[in-house]
Each structure stands twice: as C-alpha cells, then as structure tokens.
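Q: Quick one: the structure is below, and I'll ask about it shortly.
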Amino acid sequence: MNTAASPMPQHAPMPQLQVIDGQLQIGGLSLTHFAGQLGRTPFYVYDRKLVQQRIADVRATLPPEIKLHYSMKANPMPELVSFMSRLVDGIDVASGGELGVALDAGTSPEAISFAGPGKQLTELRQAVSSGILINIESFREVELLAGIEKELGKRARIAVRINPNFELKGSGMKMGGGPKPFGIDAEQVPAQLARIAKLQLDLEGFHLYTGSQCLNAESICEALRQSYELAVAMAAHAPQAIKHVNLGGGFGIPLFPGDRHLDLSPIGNTLAQLVARAATELPNAELVIELGRYLVGEAGIYVARVVDRKVSRGQVFLVLDGGLNHHLAASGNFGQVIRKNYPVAIGNRMADTMLETASIVGPLCTPLDLLADRIELPIAQPGDLVVIFQSGAYGASASPQRFLGHPEVLEVLI
Ligand SMILES: *Cc1c(COP(=O)(O)O)cnc(C)c1O
C-alpha cells in the first residue's frame, strides 16, 4: 500500500510499517490520528502483529526441538509479557520484580527461569516457593538455597550459569568470557557441582549467555557450538542427568546505517546439528534459546512531538517533548561506544520532498540529550511527530525517567 510518492526516508528504511498519504500508519490509523486519540505525547507503541510475525519466523527457521524463551528485560511492559507468554516456551527474568510480572502474566512457573547476579535472600525465597528454575550465579547462592529448601520444605530447581572461557565475537555487549560478574567461571564449575551434589540440591541444567546485539550469524553459530560443547563437558561432572541447557542468544537487530538483518538460516542449521548431537550426548536435555530484543525490538516505535524549532549559528534543532529520559539508547548513552543515529522520521511528513539537515534533541538541559545528530529530514515544525524506529526493546524501562522531572512516557500495545 506504500504509495510511490512515499518512499521510506533514508534514515528509516523500515519495511515493517506502512505509509499512506505521507502518514506513517499505526494500527490502521495515521500517526496523527493515533496520537490524537491517545491524547498525549510522547509514547511508545508496540505492535502485536509484528511480534507474532517475528516469533513465527524464528520458529520456522529453528528446529522444532529448540525451546524459545523471551528475556523480559528487553521489554517488561506487563501486557506485552502476558502476550509473549502465550507465544513462547518460557520467560527469563532477572529480578524478583520481573518474576512478579511474569507470574502475574499467567506464565506457568515451570516455564520461568531466573538469572542475574546478586540475588537477594527474599528473591531466592520467592523463586523457590513459586517453583521456577534458578540460574545460580555464585557459590553464595548455592548455600542460601540449601538453607531455603529446609526452611520452606520445598525443593529448589537450579541450573548453573557458566561464565565460559570464550566470547561472542562482534556482540554489542559481552556478557561472558574473561572476568565477569555473571555466572561461575567454567574452571570453577566442577567444584560447584561437587558442592551441589554434597548438599543434594536438584540440578536441572546449565545456562550460558555470551553477549547481546550481534548481527553476525557465523559468530552466533560459533558461540552456540562452543556453549553446547562446554555444557556437554560440564555434564560429565554433574550429579544428575542434565535436563535443560540454555544456550543463550545474542541475536541483534539493525539499528544504525549500514547494519544488515541477521541471517537466521545458518543459526537454524547449527542448532539442528546440536539437537542431533544432543540426542546421544545429552539425551535427557531440552535445548533453549533466549531472545530479548530480537523478538520485540523492531515491533516498537517511540513518538514525541516537536515543541520548538531553533536555528543556532546555522544549525537547525528540533526540540521534542521527550528525550533521553524516555529513550536513553537513542541518545547513545546505553552501552554504545560510538554515538550513532537510530532510524528517525517525521511520521506525519513521510512524503515531503523538501529536506533539510536538522538535529533532534529532547527537552533535558544537558548536551547528552541528543536523539539524532545532523540528519536529512523533511522540514519540520512545532506540532509535528518525530518517530524513532527499532524502539521496542530497551526503551522506557531502560531510561532514567525521573531525570529532570518531565512526565513519564506512555506505553501502548496494539
Ligand atoms: C539481557 C539478557 C538477554 C537478552 O538480551 P537481548 O540482547 O535483548 O536478546 C538474554 N539473556 C540474559 C542472561 C540477559 O542478561
């Protein structure tokens, strides 16, 4: 339905959304109409259909034996988690708070796993009493869980999170390999397993997570193979047959100019080989992949209104009613080494052909509040709606909303 006169702009080549008569379409409405109905800006909007399509694509490419989990720290909006919990095989949480959201969403406790360093005694108690799988991150957690079992008269379900001796090459954030606060160093795992055996804890399996936001399929395949092999090697030290191996994920989404979509097919092939090997090497184990941003990131946009248009010494600034307080990642302050522009458009002027170079900033009185640095855009005016694409993950919940006291952002699931 894209009219020929409305190509997606250079900075937002987003084929998943439509443009009609120069307006980006959201849930069957023009962006202007949608924002009017909502009654206020700024907001995030997440599209169920896009999430569902992405999950279907992943399922179609990965072997059916692979269990697909959603890592809810990517987007913990309760309605979204509830929607996800019906589409995936499990939800991975990283705090007692997230555990509460996952349970409230109706996720079955058998399908929830809990990773994360520094688990508090209260969180561990909550985890044991609700019957979820706990990914152990330290020797301390093992001792605490042994005590909690006695106290509650209930078995703890545990998996050991292994900090591997390799990395996910080309990932945006490395979370395994070298010294890390996450998991147990691979060389210490046999000693930890011996302690688990001594305490007669119920070991179900292993968890490995090497990194995030990787767009190179070969690197992901290599990390998956290495993770699988490490799990097999560690299984030889386990007191019980291994029932569960979470191999991690790290699948990235294109965010910046030049980024390409991840090619899933080699990953599907690698996982099929691992499933075949597991039939003899880990015969009782299910293999799990946990994805966050890959499932939801491209299904969401952030929308803010232009409040002011200024020209400073020849440079155009569009000042919005929201900025890094709602979308820290787009400002480049969420783990990026070099600041790059997220894909951005003026959602109600998609067909305008008169362009100018402008920078887009938020309302915060700090130079960090830069959402787009000198990009080509249609000429925008106060009242126009700026859209930041690829914003369904690490948005509202990963931003310092109280910084400078502006209103909180709305989140809508359509
Ligand atoms: C953050 C995290 C994820 C999800 O990362 P994405 O890049 O959003 O896919 C998965 N597993 C663990 C253990 C994590 O900490």
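The values are calculated or read from the model by the stated rules, or taken from the named source; none is laboratory data. Note that this is a predicted model, so its numbers are computed, not measured. All Cβ positions, even for glycine, are placed from backbone atoms using ideal geometry, and neighbour counts span all protein chains on display. In case anyone asks, the SASA skips ligands and DNA or RNA and just uses the protein heavy atoms, side chains included. Shrake-Rupley method; radii C 1.70, N 1.55, O 1.52, S 1.80 Å.
Q: So the check is Cβ under 9 Å with 6+ separation or different chains; which pairs have a first residue in segment 16-44 that's in contact (Cβ under 8 Å) with a residue 60 or more places away in the chain and within 17 Å of ALA345 (Cα to Cα) and a second one that's in a strand (DSSP E or B) and of a type in the set (Ser, Thr, Tyr)?
A: Hits for this filter: ASP21/SER30; GLY22/SER30; GLN23/SER30; LEU24/SER30; PRO42/TYR302; PHE43/TYR302; TYR44/TYR302.
Q: Going by what's in this entry, would GLU281 be described as within 15 Å of the ligand (Cβ to nearest atom), open to solvent by 10 Å² or more (accessible area, probe 1.4 Å) and at pLDDT 95 or above? Even if it seems obvious, please write down each step before you answer.
A: Details: within 15 Å of the ligand (Cβ to nearest atom): no; open to solvent by 10 Å² or more (accessible area, probe 1.4 Å): yes; at pLDDT 95 or above: yes.
Answer is no for this residue.
Q: From LEU368, LEU410, which residue is open to solvent by 60 Å² or more (accessible area, probe 1.4 Å) and at pLDDT 95 or above? If you could, list the steps in order and put the result at the bottom.
A: On the way: LEU410 fails: open to solvent by 60 Å² or more (accessible area, probe 1.4 Å).
Result of the check over LEU368, LEU410: LEU368.
Q: Quick one: count up the residues across segment 320-339 that are of a type outside the set (Asp, Glu), part of a loop (DSSP other than H, G, I, E, B) and more than 16 Å from ARG293 (Cβ to Cβ). Please lay out each step first, then the result.
A: Of all residues in segment 320-339, those of a type outside the set (Asp, Glu) come to 320, 322-339.
Keeping just the survivors that are part of a loop (DSSP other than H, G, I, E, B) gives 322-328, 332-339.
Then keep just the ones that are more than 16 Å from ARG293 (Cβ to Cβ); that gives 322-326, 332-333, 337-339.
The number of residues fulfilling the criteria is 10.
Q: Determine which single condition LEU295 fails, assuming it passes every other condition in (1) farther than 21 Å from ILE220 by Cβ; (2) within 15 Å of the ligand (Cβ to nearest atom).
A: Only one criterion in (1) farther than 21 Å from ILE220 by Cβ; (2) within 15 Å of the ligand (Cβ to nearest atom) is unmet by LEU295, namely (1).
Here is a yes/no grid of residues against (1) within 16 Å of the ligand (Cβ to nearest atom); (2) open to solvent by less than 10 Å² (accessible area, probe 1.4 Å); (3) more than 22 Å from the chain's Cα centre (by Cα):
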{"position": "ILE267", "(1), (2), (3)": "yes, yes, no"}
{"position": "ASP308", "(1), (2), (3)": "no, no, yes"}
{"position": "VAL311", "(1), (2), (3)": "no, no, yes"}
{"position": "ASN325", "(1), (2), (3)": "no, yes, no"}
{"position": "GLY335", "(1), (2), (3)": "yes, no, no"}
{"position": "ALA351", "(1), (2), (3)": "no, no, yes"}
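Q: Specify the residue that is nearest to the ligand (Cβ to nearest atom); the eligible residues are those in segment 218-248 that are within 30 Å of ILE338 (Cβ to Cβ) and open to solvent by less than 10 Å² (accessible area, probe 1.4 Å).
A: GLY248
Q: Would a scan of segment 92-108 turn up a residue that is in contact (Cβ under 8 Å) with a residue 40 or more places away in the chain and under 18 Å from LEU287 (Cα atoms)?
A: Keep residues of segment 92-108 that are in contact (Cβ under 8 Å) with a residue 40 or more places away in the chain, which gives 92.
Next cut, under 18 Å from LEU287 (Cα atoms) only: 92.
Among the residues of segment 92-108, at least one is in contact (Cβ under 8 Å) with a residue 40 or more places away in the chain and under 18 Å from LEU287 (Cα atoms), which makes the answer yes.
Q: Would you point out which residue out of PHE317, PHE256, PHE251 is surrounded by fewer than 22 Cβ atoms within 10 Å (Cβ to Cβ), within 16 Å of the ligand (Cβ to nearest atom) and closer than 30 Å to GLU411 by Cβ?
A: Details: PHE317 fails: within 16 Å of the ligand (Cβ to nearest atom); PHE251 fails: surrounded by fewer than 22 Cβ atoms within 10 Å (Cβ to Cβ).
The unique qualifying residue is PHE256.
Q: I've got another one for you. Among GLY177, GLY172, which is within 12 Å of the ligand (Cβ to nearest atom) and either under 20 Å from HIS69 (Cα atoms) or surrounded by 16 or more Cβ atoms within 10 Å (Cβ to Cβ) (or both)?
A: Numbers: GLY177 fails: within 12 Å of the ligand (Cβ to nearest atom).
On inspection, the qualifying residue turns out to be GLY172.
Q: Sticking with this one: Under 30 Å from SER219 (Cα atoms) and open to solvent by less than 30 Å² (accessible area, probe 1.4 Å), is that true of VAL160? Working first, answer last.
A: On the way: under 30 Å from SER219 (Cα atoms): yes; open to solvent by less than 30 Å² (accessible area, probe 1.4 Å): yes.
Criteria met by VAL160.
Q: Which of the numbered conditions does LEU145 fail, given that it passes all the others? Conditions: (1) closer than 27 Å to ALA111 by Cβ; (2) buried (at least 17 other Cβ atoms within 10 Å of the Cβ); (3) within 14 Å of the ligand (Cβ to nearest atom).
A: If we test LEU145 against (1) closer than 27 Å to ALA111 by Cβ; (2) buried (at least 17 other Cβ atoms within 10 Å of the Cβ); (3) within 14 Å of the ligand (Cβ to nearest atom), just (3) comes out false.
Q: Where in segment 61-148 are there helices (runs of 4 or more DSSP H), lying fully within it, with 1 or more residues that are at pLDDT below 95? Outline the logic, then answer.
A: On the way: elements: 78-85, 96-104, 121-130.
Hits in segment 61-148: none.
Q: Could you go through segment 71-82 and let me know if any residue there is within 15 Å of the chain's Cα centre (by Cα), within 15 Å of the ligand (Cβ to nearest atom) and open to solvent by 60 Å² or more (accessible area, probe 1.4 Å). Explain how you work it out, then say what you get.
A: Of the residues in segment 71-82, the ones within 15 Å of the chain's Cα centre (by Cα) are 71-78, 80-81.
From what's left, within 15 Å of the ligand (Cβ to nearest atom): 71-77, 80-81.
Going one step further and asking which of them are open to solvent by 60 Å² or more (accessible area, probe 1.4 Å), we end up with 73.
Within segment 71-82, one or more residues are within 15 Å of the chain's Cα centre (by Cα), within 15 Å of the ligand (Cβ to nearest atom) and open to solvent by 60 Å² or more (accessible area, probe 1.4 Å).
Q: OK, next. Counting only residues that are buried (at least 22 other Cβ atoms within 10 Å of the Cβ) and hydrophobic (A, V, I, L, M, F, W, C), which one in segment 89-101 is farthest from the ligand (Cβ to nearest atom)?
A: LEU99
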